[in-house]
Amino acid sequence: MAGRVRDESDFRDRPSKKNSRPRTKQRPEHEDAETGLVTGVDRGRYTLLLDEDQPTERTILAMKARELTRNRVVCGDRVDIVGDTSGEDGTLARIVRIQERTSVLRRTADDTDPYERIIVANADQLVIVTALAQPEPRTRMIDRCVVAAYDAGMDVLLCLTKADLADATHLRELYEPIGVKVVVTRRVHDVTGAAAGQAGHGDEPGHNSSDTSEDSWRIEPLDAVRAELEGRTSVLVGHSGVGKSTLVNALVPDAYRATGVVNDVTGRGRHTSTSAVALRLPDADGNPAGWVIDTPGVRSFGLAHVDVENLLKAFDDLDVVAEDCPRGCTHLDGAPDCALDDWLESSPEEEKAARTARVESFRRLLAARTGTV
Ligand SMILES: Nc1nc2c(ncn2[C@@H]2O[C@H](COP(=O)(O)OP(=O)(O)OP(=O)(O)O)[C@@H](O)[C@H]2O)c(=O)[nH]1
Ligand SMILES: [Mg+2]
């Protein structure tokens with residue numbers, strides 16, 4: 001769970017030898033501060049939504065107060081703001097506090113990198129977007145994302161895209177036994193030509209309408225995806241070019257996220273999206289029904305920060321069994337006297353297959369974390 005988030009109070013009232021002049025007045029605690037939701041971050045400028053769902057709801061721009069210089073404010077954060085919060089053109093409010101986070105999704109650049117980066121705060125579901133082709137799916141990447149989600153205490157949804165190009169059976173069979181929900185989407189050409197193609201509209205500098213597809217098409221089945229997202233805050237992660245922004249555009253009609261074609265030769269995406277953006281998900285009637293956060297494609301998902309015990313907690317059946325393991329047991333394949341092996345050996349015949357799938361999946365994730373696969 002997130003530790004205490006540092007805020008302005010950490011910097012206030014520190015006795016200073018240099019400046020011993022007594023303060024005549026305590027600085028106010030920003031009691032008049034308003035609260036906003038960070039929906040976007042771009043080079044030190046934060047887009048915030050204020051008074052969510054109220055008649056006064058508005059979007060404003062803000063910067064961090066000097067006291068927060070060393071604190072990272074990320075998409076999904078709830079923050080306290082002061083200054084001009086009218087949202088009128090040219091105004092810039094100040095973020096003075098980051099509210100306690102319910103979850104933090106982190107990653108490190110690689111497994112040896114001690115510098116962890118918080119990607120998104122307060123999301124309750126991680127949607128691992130993986131293309132079935134172009135680019136080719138990589139189970140190691142999926143495994144790593146699953147570990148990151150479990151570590152952050154988030155639910156996982158695996159969204160397999162581009163089913164019009166390749167079959168989803170194998171990946172489904174690999175992830176359903178670990179309790180990962182799977183949805184499969186495809187692009188279908190719109191023969192009637194009624195719906196305009198959902199190709200990119202270009203919202204990001206330097207990437208205007210880079211997806212030049214002229215065809216009219218849509219993503220299906222949207223209702224099944226929407227059902228998994230409604231009422232929650234979901235963050236979409238995955239390699240570049242897997243279709244995260246395409247999916248967001250399909251789910252949120254006024255999202256206008258830029259999308260980019262995948263390179264035919266390398267099968268790689270172009271890193272079209274450059275920053276995380278939170279968008280309000282409408283339900284079938286157009287009413288607000290949660291949030292989806294589109295993120296830039298990542299090359300890898302470093303897990304240097306993940307604790308084995310946290311991963312074990314995501315497998316509650318195995319967590320109980322592992323209480324009988326020797327101290328310091330790695331739980332990996334071949335670990336001496338690992339209680340997970342006894343649990344498999346002593347299994348009733350009818351449970352053997354299910355238990356084996358659980359232990360193998362757990363060990364695969366564990367190995368993905370420690371970089372031994
Ligand atoms: N055939 C097929 N193409 C798809 C599907 N979904 C998305 N695409 C295409 O895949 C390409 C990349 O899509 P994007 O939505 O830009 O991918 P992204 O994951 O947002 O990529 P980054 O922003 O670079 O991380 C675009 O040309 C999309 O039209 C699908 O289901 N089937
Ligand atoms: Mg994108």
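The values are calculated or read from the model by the stated rules, or taken from the named source; none is laboratory data. No experiment lies behind these values; they were computed from the predicted model shown. Reconstructed Cβ throughout: ideal geometry from the backbone, glycine too, with neighbour counts over all protein chains shown. All accessible areas refer to the heavy atoms of the entire protein, side chains included, with ligands and DNA or RNA removed. Shrake-Rupley method; radii C 1.70, N 1.55, O 1.52, S 1.80 Å.
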Alpha carbon Rg of region 34-98, scaled by the compact-globule rule 2.2 N^0.38 Å:
0.99
Set the Förster radius R0 to 35 Å, insert the Cβ-Cβ distance between residue 360 and residue 228 as r into 1/(1 + (r/R0)^6), and round the FRET efficiency to 0.05.
0.85
What distance in nm separates the simple spin-label points at residue 133 and residue 307, each placed 7 Å from Cα in the Cβ direction?
4.4
Sort 246-253, 124-131 by packing, meaning the average of other beta carbons within 10 Å per residue, with the highest value first.
124-131, 246-253
For region 278-332, what mean projected area does the convex hull of the alpha carbons give, in nm²?
7.0
How much of the accessible area of region 104-294, in percent, comes from carbon and sulfur atoms when a 1.4 Å probe is used?
47
Within region 33-55, what residues put their amide N at less than 18 Å from the label point 7 Å along the Cα-to-Cβ vector of residue 100?
35-36
Note the full-extension length gain between residue 57 and residue 352 as 0.36 nm times their separation in residues minus their Cα-Cα distance, in nm to one decimal.
100.7 nm
With each label point set 7 Å from Cα along the Cα-Cβ vector, what nm distance links residue 66 and residue 220?
6.0
Mean separation of Cα contacts under 8 Å (6+ apart) over length of region 308-370, as relative contact order %:
32
Would you mind checking the pairs 64/244; 181/313; 181/244 and listing those with alpha carbons more than 20 angstrom apart?
64/244
Whether region 104-294 is rounded, prolate or oblate, judged on the alpha carbon gyration tensor where a/c under 1.5 counts as rounded:
rounded
Sorted on mean Cβ neighbours within 10 Å (highest first), peptides 340-350, 356-366 come out as 356-366, 340-350
Compute the normalised compactness of region 308-370: alpha-carbon radius of gyration over 2.2 N^0.38 Å, N being the residue count.
1.03
Taking the simple approach of a point 7 Å from Cα along Cα-to-Cβ for both residue 92 and residue 31, what is their distance in nm?
3.0
